[in-house]
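Student: Here it is: the structure, laid out below.
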Amino acid sequence: MDAAEFRRRGKEMVDYVADYLEKIEKRQVFPDVEPGYLRPLVADCAPQDPESFEDVFKDIEKVIMPGVTHWHSPYFFAYFPAASSFPALLADMLCGGIGCVGFSWAASPACTELETVMLDWLGKMINLPEEFLAGKDGQGGGVIQGSASEATLIALLAARTKTIRQVQSEKPELTEADIMGRLVAYASDQAHSSVERAALIGAVKIKNVPSDDTFTVGGSALKKVLDEDKAAGLIPFFFCATLGTTSCCSFDKLLELGPICNKENIWMHIDAAYAGSAFICPEFRHLLNGVEFADSFNFNPHKWLLVNFDCSAMWVKKRSDLIGAFKLEPLYLQHHHQESGLVTDYRHWQIPLGRRFRSLKLWFVLRMYGVKGLQEHIRKHVRLSHQFEHLVLQDERFEICAEVVLGLVCFRLKGSNELNEALLKSINDAKKIHLVPCHLQEKFVLRFAICSRTVESTHIKFAWQHISQLATDLLKTWEQNHHQQ
């Protein structure tokens, strides 16, 4: 394919993507395929001779689309939103076109510098304390990670290194292995599984701090666990607080937890993967109060800020903590500006060496929507979640299981877990809308997350009528079976 054909085909692909997104609600939200569906649809091995673009293009609808779950459909209410917008798609195209691998400043100065500035822009939008910003000569700063899981792992590894060095300076007779065996990380029992996975990869113990009946962790629960562990000779070193848990969007009490972590010399990382985007709205910013106690903070613009995956924003108060943990300087990566103090080499802030030019997406989206446009997007989703909550509350067969703060509603039929499992199965078997469940205090609960950029009030009404009708049908058969037993 030469540049002339690329121009022509590129325009066709843009048209195809625009049509796909414009007409996405006509597609069934969840695919009708069984595992292994794809292999028989493609050849056994790669072709010896080149095929034409037409041949490949034809197979998109035949091979790929039948197996796509349409995350951007207005009938997709599962997990959390996956952000998408036309400005971000265009920026991704430019990112792929430039194709730099931005591991150091010298590898592409614009790639590094735009990221530093965009993370400052974003930090100011959510009113992050000054210490987290790079500014002209700050000690903190932001970096784009691939996901919140990566950010948590990076924070945990940096905290581990920092603690080991600290303990060894006080007790030089201890080996690294002695200390590692005693380190403990902590998170709420509602925290995302990626926190436990970070501890697994970091080869340290992790303990769950029990949450209260509003699914949040407060200071006394953390203090109790810390006191027990310190008495047993363990070394608490890391706590991950969650703002907007995956199950039910609950918020850990930062103002209670932060001072404890600071006093005990424990690294506090805040995972606000989904909820963080909402902090650009003044009315939700109070949910971030207490961030001033944290060592690191992360949220995903690729969830709720119209920036396509992957773009997870992470800030640290002291970038030297990250760089100190991960810095290696082989000759082939060195450049003559690196000692100037003006230069960030993001390879020291992350697990992989290479990185894409991801800040382009942020730059395009922040400029083309503006803060006001993004605030309106968040507020619309929150309004729609309250609309759904209101519909659920009008039907006495159902109950709401957790406070609706942002764009997630947790609800269920009053009754057994088996009944709710059956309801979810009938919803997802019908494939008109898509939902996923969670467990809250032993209850099987349905999660209804407002996800799509194009979702409107009519889609919410449709979803509720559909759920309500399926519940009616289910309860009829359930009662009949019950009578027969």
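Student: Tell me, what ³J(HN,Hα) does each residue in the range 263-277 have, in order and in whole Hz, if you take phi through Karplus 6.51 cos²θ - 1.76 cosθ + 1.60 with θ = phi - 60° and put x for Gly and Pro?
Tutor: So the Karplus estimates, Gly and Pro as x, are 5, 8, 6, 9, 5, 9, 10, 10, 9, 10, 2, 7, 5, x, 4 Hz.
Student: For Cα pairs less than 8 Å apart in space and 6+ apart in sequence, what is the mean separation divided by the residue count of the range 372-483, i.e. the relative contact order in percent?
Tutor: Numbers: 126 pairs, mean separation 27.7, N = 112.
Rounded, it is 25 percent for the range 372-483.
Student: So, in nm, how far is label Asn417 from label Lys372 when the simple model puts each one 7 Å beyond its Cα toward the Cβ?
Tutor: That separation, rounded to one decimal, is 5.0 nm.
Student: A further question on this structure: Could you derive backbone 3J(HN,Hα) for the range 110-124 from the dihedral phi with the Karplus parameters 6.51, -1.76 and 1.60 (θ = phi - 60°), listing whole Hz in sequence and x where the residue is Gly or Pro?
Tutor: 5, 4, 6, 5, 5, 4, 4, 6, 5, 5, 5, 4, 5, x, 5
Student: Work from the charge dipole of the chain (Cβ charges, +1 for Lys and Arg, -1 for Asp and Glu, about the Cα centre) and give the residue of Ile126, Ala151, Ile323 farthest towards its positive end.
Tutor: Going by the Cα projections, it comes out as Ile126.
Student: Tell me which of Ile24, Ala4, Gln394 sits at the most positive position along the dipole axis of the chain, charges placed on C-beta atoms (Lys, Arg +1; Asp, Glu -1).
Tutor: The residue sitting most towards the positive pole is Gln394.
Student: If R0 is 35 Å, what FRET efficiency do you get for Phe86 and Thr161 from their C-beta distance, rounded to 0.05? Could the numbers behind the result be given before it?
Tutor: Numbers: r = 42 Å, r/R0 = 1.19.
For Phe86 and Thr161, the calculated efficiency is 0.25.
Student: Further, regarding this structure: How would you rank 23-30, 178-185, highest first, on the average number of other Cβ atoms within 10 Å across their residues? Show your work: numbers first, answer last.
Tutor: Working: 23-30: 15.8, 178-185: 18.6.
Final packing ranking: 178-185, 23-30.
Student: Post the alpha-carbon centroid distance, the range 395-450 to the range 75-142, in whole angstrom.
Tutor: Centre-to-centre distance over Cα atoms comes out at 35 Å.
Student: If you roll a 1.4 Å probe over the heavy atoms of the protein chains, what accessible area per residue do you get for the range 64-137, in Å²?
Tutor: Numbers: 3120 Å² over 74 residues.
Dividing the accessible area of the range 64-137 by its residue count gives 42 Å².
Student: Give me the extension gain from Gln48 to Glu113: residue separation times 0.36 nm, minus the current Cα-Cα distance, reported in nm with one decimal. Could the numbers behind the result be given before it?
Tutor: Numbers: separation 65, 0.36 × 65 = 23.40 nm, distance 4.33 nm.
Additional length available on full extension: 19.1 nm.
Student: Enumerate the amide H contacts of Arg355 below 5 Å, restricted to partners 5 or more residues apart or on another chain; note that Pro and chain-start residues carry no placed amide H.
Tutor: Gly102, Phe103
Student: Work out the P(r) tail for the range 100-356: percent of alpha carbon pairs separated by more than 30 Å, whole number.
Tutor: On the way: 8420 of 32896 pairs.
Of the Cα pairs, 26 percent sit more than 30 Å apart.
Student: Per the helix-only calculation at 222 nm, which mean residue ellipticity applies to the chain, given -39500 (n - 2.57) for every DSSP H run of n ≥ 4 and division by its residues, nearest 500 deg cm²/dmol? Spell out each step's value before the answer.
Tutor: Working: 14 runs with 206 residues, N = 485.
Dividing the helical sum by the residues of the chain leaves -14000 deg cm²/dmol.
Student: Another one. Which of Ser277, Ala232, Ser247 sits farthest toward the positive end of the charge dipole of the range 224-303, with +1 on the Cβ of Lys and Arg and -1 on the Cβ of Asp and Glu?
Tutor: Ser277
Student: Compute the Kirkwood hydrodynamic radius of the range 9-125, taking the inverse of the mean of 1/r over all pairs of distinct Cα atoms, and give it in Å to one decimal.
Tutor: Details: mean 1/r = 0.0556 Å⁻¹.
That comes to 18.0 Å for the range 9-125.
Student: On average, how much accessible surface per residue is there in the range 330-475, in Å², for a 1.4 Å probe, leaving out ligands, DNA and RNA? Before the final figure, lay out each step's value.
Tutor: Numbers: 6670 Å² over 146 residues.
Value for the range 330-475: 46 Å² per residue.
Student: Follow-up question, since we're still on this one. Given a 1.4 angstrom probe, I'd like the percentage of the accessible area of the range 390-439 that is carbon and sulfur, rounded to a whole number. Intermediate values should be presented prior to the final figure.
Tutor: On the way: 1100 of 2150 Å².
Heavy-atom surface of the range 390-439 belonging to carbon and sulfur, 1.4 Å probe: 51 percent.
Student: Further, regarding this structure: Quick one: which residues, 5+ away or cross-chain, put their amide H under 5 Å from the amide H of Val209? H built at 1.01 Å from N.
Tutor: Under 5 Å from the amide H of Val209 lie the amide H atoms of Ala187, Ser188, Asp189, each far enough along the sequence or on another chain.
Student: Here are some values of semi-axes √(5λ) of the Cα gyration tensor in Å: [x] 38, 33, 21; [y] 31, 28, 21; [z] 41, 22, 20. Which one was computed from this structure?
Tutor: Structure-derived value, by its label: [x].
Student: If you put +1 on each Lys and Arg Cβ and -1 on each Asp and Glu Cβ, how big is the dipole of the chain around its Cα centre, in Debye rounded to 20? Could you put the intermediate results ahead of the total?
Tutor: Values: 52 positive and 60 negative charges, 129 e Å.
Dipole size: approximately 620 debye.
Student: Highest first, please rank the peptides 163-174, 420-431 by the mean number of other Cβ atoms sitting within 10 Å of their residues. Intermediate values should be presented prior to the final figure.
Tutor: Numbers: 163-174: 12.8, 420-431: 16.7.
Highest mean packing first, the order is 420-431, 163-174.
Student: Separate question: Roughly to the nearest percent, how much of the accessible area of the range 100-356 is carbon and sulfur, given a 1.4 Å probe? Walk me through the numbers before you get to the answer.
Tutor: On the way: 5770 of 10400 Å².
Carbon plus sulfur share of accessible area: 56 percent.
Student: Starting from 0.36 nm per residue, how many nanometres of slack lie between Gln441 and Lys461 once their C-alpha separation is accounted for? Display every interim value, and only then the final one.
Tutor: On the way: separation 20, 0.36 × 20 = 7.20 nm, distance 2.88 nm.
Using 0.36 nm per residue and subtracting the Cα-Cα distance, I get 4.3 nm.
Student: Further, regarding this structure: Starting at the first residue of the range 471-480, write each ³J(HN,Hα) from the Karplus equation 6.51 cos²θ - 1.76 cosθ + 1.60 with θ = phi - 60°, in whole Hz, x for Gly and Pro.
Tutor: Result, rounded to whole Hz: 5, 4, 4, 5, 5, 4, 5, 4, 5, 4.
Student: For the ranges 262-270, 98-106, 14-22, what's the packing order if you count other beta-carbon atoms within 10 Å of each residue, average per peptide, and put the highest first?
Tutor: Working: 262-270: 20.1, 98-106: 17.6, 14-22: 13.0.
Top to bottom by mean Cβ count within 10 Å: 262-270, 98-106, 14-22.
Student: Out of the total accessible area of the range 1-60 (probe 1.4 Å, heavy atoms of protein only), what percent is carbon and sulfur? Could you put the intermediate results ahead of the total?
Tutor: On the way: 2810 of 4980 Å².
Carbon and sulfur atoms account for 56 percent of the accessible area of the range 1-60.
Student: Whose amide H sits under 5 Å from the amide H of Lys318, counting only residues 5 or more places off or on another chain, with H placed in the peptide plane?
Tutor: For Lys318, no residues qualify.
The values are calculated or read from the model by the stated rules, or taken from the named source; none is laboratory data. Since the model is a prediction, treat every value here as computed from it, not as a measurement. Positions of Cβ are backbone-derived with ideal geometry, glycine not excepted, and every protein chain shown enters the neighbour counts. Accessible surface areas use protein heavy atoms only, side chains included; no ligands, DNA or RNA. Shrake-Rupley method; radii C 1.70, N 1.55, O 1.52, S 1.80 Å.
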